[in-house]
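The values are calculated or read from the model by the stated rules, or taken from the named source; none is laboratory data. What you see is a predicted model; the values in this text were computed from it and never measured. Please note: Cβ atoms are built from the backbone with ideal geometry, for glycine as well, and neighbour counts cover all protein chains shown. Note: areas computed on protein heavy atoms with side chains; ligands, DNA, RNA excluded. Shrake-Rupley method; radii C 1.70, N 1.55, O 1.52, S 1.80 Å.
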Amino acid sequence: MKKYITIFILSFIGFAALAQNTQNVKGIVTDKQSEMPVIGATVIVKNSDPVIGTMTEIDGDFILENLPIGRYDIEIAYLGYESITIPNVEVTAGKEVFLEIGIEESVEILNEVVVTAKVEKDKAQNELATISARTFSVEEVNRYSGGRSDVGRLAANFAGVSTADDARNDIVIRGNSPTGVLWRMEGIPIPNPNHFSTVGTTGGPVSALNPNLIKNSDFITSAFPAEYGNALAGVFDLGLRTGNRDKHEFMVQLGAVSGVEAMAEGPISKKNNSSYLVAARYSFIGIASDLNLPIGTNATPNYQDVAFNINLGKSKAGKFSIFGIGGNSDIDFLHDEVEEGDLFAAVDEDSYARSRFGVIGLKHNVILDQNTYLRTVISGSLSANTFDVDRYSNLGQENEEINRITEVDDAQSRLSLSSFVNKKFNSKLTARAGILLENYYYDLNNRTREFTPEWIETYQFNDNSLLAQAYIQTQYKFNTKLTLNLGLHSQLLTLNNDWALEPRAALNYNISEKHMLSLGYGMHTQVAPLPILLAREQMADGAFEETNINLDGTRSQHFVLGYDTKLAPEWRIKTEAYFQYVDKVPVESDPSSFSLLNLGEDFGFPSDKVGLVNEGTGMNYGLELTVEKFFSKGYYGLVTASVYDSSYKGSDGIRRNSAFNNQYVLNILAGKELKIGKEKRNALTFDTKLTTAGGRFYTPVDLMASQMAGQEILDTENAYSEQYAPYFRWDVKFGVKLNAKKRKLSQHFYFDVQNVTNNQNLFQRRYNRLTNEINDVYQLGFFPDFMYRLTF
């Protein structure tokens, strides 16, 4: 009790004498399983002398006032709970810090507060995700070199992950297609959150997710808990932070890729702790084109996005919030602006790409009793894109002609309802059960006349379908060493009555305080993409039928074994071995090398794959290593290495390399923050990243057949038999952080040189129908990025 009284008194005197260069750290402490506020927990700044600390109030809130600018480790302790440390909380002059902290009740009876604190950096935000999962922060998104403030590119630094190419942020997880990734925001699935995206894909050239609005979130790569469904590869589970409840704060930012941005946040009503947070961005990359910096094409992309989170505060009915994100993008590829090596355009075509997406949702959280809460989210979303191609014939001659050869107009809207109840029965047992209903509305249109005088409709569909999911998952802690997670997930697609039932399990054993073993299993099913399900085949009588409509979902079984050791409070080594067996893969009914597992290697879906059957298989296995030095004492380091194999069998029964079989990936990242100035309130930063990976396997072009046909024909009998040269890229980033001496204002500037050595990484080897040759097209070369941020 004396300790609590001392901390309480010191909270009033700590640094009260300082009137300059200080900022507040606020937050809320809750029980991690029940989400009930923890009242009376001690919150102290570690290694402070005299001790700086406080105690949480009736709603679990706390405030550490007037902390000098710098970085701090914040320790939270409470009687009967395991204490934790939040490391390296950065305090700047321009913005107050807000922390959402969950602590776990100890499964053992304790007579005093646990004194040995755990560092919470290496655990997922979702307490039921205990294997192949990690949390990431907005600071990491902006810190690592080469990241372009992009959540997807951040994930490429983690073990088991590689990127498809420099021009897009599609991520390949353990050899799986990028289309197997699930994006969630505030607990609800969302459409592809990228600019220039197409319906059914998960990546794009530029992210529309604004990292400045994202709170600490989870990235899961295998055997994910039962609440995640309709995904084979991995999960991004994103949460939006809330705005400052006490004061108005603003930020303006300018970045070469992220564009011009403005953000505002502040209180709506201090009476019920309601707040707003809103940000908007507008593309700035046209300047890069004007400066002749390589972005993969001479065309200038335009894009805008907006995001918001309105916290309506507490009421008798619970907590409500309204959130949303939306984006719009367009780009024109004109034949007279195309240069050799353009990644996306042709010298005899004009093409016009447009895309838009949006999500708006209402989130409700209500406490049912001391250990139970109900969370419900309803949302509406839209994902749409158009793509038109005009081709010139007799270009530059008197009889020059132009003809429209391709028209794509796809739109998909979705109404979603997610609701689950979470109950903490005691310190050992927690259970969660819920449903997810997604009603899809399709308006998909694709037609071409590239090789025929008349239009041929690839697909045309206007209807709706329901994807219903239900799940239950439990966590039982036998003791401080052994934890078991069990779950069951089911889903039904009413379009074709495709139904799946999937068990999930994870076992974690703490050998000692510094060593842990993990074992996980999950069965996962993903329904076929709509453009595949709805593809139409012309029958003998001339009529069209949807011969893929009865395809079942692809099924993947994940097995994972992990070992985690902490060499020191800021160091850890983690290794995981995994095996994934995939079956019920759509392949052609006649013997061929085609498999839906290779979907996502380019920008769209094959339009000629009809009459498919669920008889294909696939296999991924590998070993991953992570050596991580969390940011402390002014520096960090991260080394991730993956060795793996990804293969598949089509209907011809031949095992082949998949399109995503790099075989190995190595990332080495490091960074240093050097305090400068008399008061050490400013800093110079240096970050670097080195990446190398095995080249992708690809299907060679059949040159003779292509020349005869006047279009690219691949040698599918030798599918994915040849391999590109290994990938190599080195990025270097320099920055400066400035905190005003007297005002609540901070600045951050960095200059990020990507691909310093201008290494020529092969993007694609493709047939040029104008020269009748096979040409090599290369990825982005030397590319400088920059960002300036002002917070006040």
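Data overview
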quantity	calculated
Meets criteria (in a loop (DSSP other than H, G, I, E, B), in contact with a Gly (Cβ under 6 Å, 6 or more places away or on another chain) and either of a type outside the set (Asp, Glu) or more than 26 Å from residue 319 (Cβ to Cβ) (or both)) for residue 176	no
Hey, residue 301 at pLDDT below 95 and open to solvent by less than 20 Å² (accessible area, probe 1.4 Å) or not	yes
Lone qualifier among 354, 404, 391 - being open to solvent by less than 60 Å² (accessible area, probe 1.4 Å) and assigned to a strand (DSSP E or B)	391
Any hit, the range 325-334, residues being part of a loop (DSSP other than H, G, I, E, B) and on the phi < 0 side of the Ramachandran plot	yes
Condition check for residue 431: at pLDDT below 95, of a type outside the set (Phe, Trp, Tyr) and assigned to a strand (DSSP E or B)	no
Every residue from the range 346-400 that is under 27 Å from residue 312 (Cα atoms) and either over 32 Å from the mean Cα position of the chain (by Cα) or of a type in the set (A, V, I, L, M) (or both)	359, 360, 362, 366, 367, 368, 369, 370, 374, 377, 378, 382
Among residues of the range 153-173, those that are touching a Leu at 6+ places or on another chain (Cβ under 8 Å) and part of a helix (DSSP H, G or I), counted	0
Residue check, residue 561 open to solvent by less than 40 Å² (accessible area, probe 1.4 Å), within 30 Å of residue 517 (Cα to Cα) and either free of Cβ contacts under 8 Å to residues at least 40 places away in the same chain or not polar (S, T, N, Q) (or both)	no
Qualifying residue in the range 552-567 (condition: modelled with pLDDT under 95, small (Gly, Ala, Ser) and farther than 30 Å from residue 467 by Cα)	no
Complete set of residues in the range 683-735 that are within 30 Å of residue 91 (Cα to Cα) and among the β-branched types (Val, Ile, Thr)	685, 688, 732
Pairs with Cβ under 9 Å, 6+ apart, first in the range 715-732 and within 15 Å of residue 781 (Cβ to Cβ) and open to solvent by 70 Å² or more (accessible area, probe 1.4 Å), second assigned to a helix (DSSP H, G or I) and of a type in the set (A, V, I, L, M)	none
Qualifying residues in the range 499-510 (those that are surrounded by 21 or more Cβ atoms within 10 Å (Cβ to Cβ) and touching a Ser or Thr at 6+ places or on another chain (Cβ under 9 Å)) - the one farthest from residue 83 (Cα to Cα)	500
Test: residue 492 is surrounded by fewer than 20 Cβ atoms within 10 Å (Cβ to Cβ), out of contact with any Leu (no Cβ under 6 Å at 6 or more places or on another chain), under 30 Å from residue 437 (Cβ atoms) and at pLDDT 95 or above	yes
Every pair of residues 6+ apart whose Cβ atoms lie under 9 Å, when the first sits in the range 263-275 and is open to solvent by 50 Å² or more (accessible area, probe 1.4 Å) while the second is of a type in the set (Lys, Arg) and assigned to a loop (DSSP other than H, G, I, E, B)	268/245; 270/245
Scope the range 198-213; condition open to solvent by 10 Å² or more (accessible area, probe 1.4 Å), small (Gly, Ala, Ser) and part of a loop (DSSP other than H, G, I, E, B); matching residues	200
Top-ranked residue in the range 227-273 [being aromatic (Phe, Trp, Tyr) and assigned to a strand (DSSP E or B); ranked as farthest from residue 166 (Cα to Cα)]	250
Residue tally, condition open to solvent by less than 60 Å² (accessible area, probe 1.4 Å), in contact with a strand residue (DSSP E or B) (Cβ under 8 Å, 6 or more places away or on another chain) and either part of a loop (DSSP other than H, G, I, E, B) or modelled with pLDDT of 95 or more (or both), over the range 754-788	6
Test: residue in the range 574-586 that is among the small types (Gly, Ala, Ser) and either modelled with pLDDT under 95 or farther than 30 Å from residue 552 by Cα (or both)	no
Members of the range 743-753 that are open to solvent by 50 Å² or more (accessible area, probe 1.4 Å) and in a strand (DSSP E or B)	747, 749, 751
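To keep it simple, each residue is scored yes or no on (1) modelled with pLDDT of 90 or more; (2) open to solvent by 30 Å² or more (accessible area, probe 1.4 Å); (3) more than 29 Å from residue 675 (Cα to Cα); (4) not in a loop (DSSP other than H, G, I, E, B).
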residue: 6; (1), (2), (3), (4): no, yes, yes, yes
residue: 9; (1), (2), (3), (4): no, yes, yes, yes
residue: 20; (1), (2), (3), (4): no, yes, no, no
residue: 29; (1), (2), (3), (4): yes, no, yes, yes
residue: 40; (1), (2), (3), (4): yes, no, yes, no
residue: 43; (1), (2), (3), (4): yes, no, no, yes
residue: 64; (1), (2), (3), (4): yes, no, no, yes
residue: 73; (1), (2), (3), (4): yes, yes, no, yes
residue: 79; (1), (2), (3), (4): yes, yes, yes, no
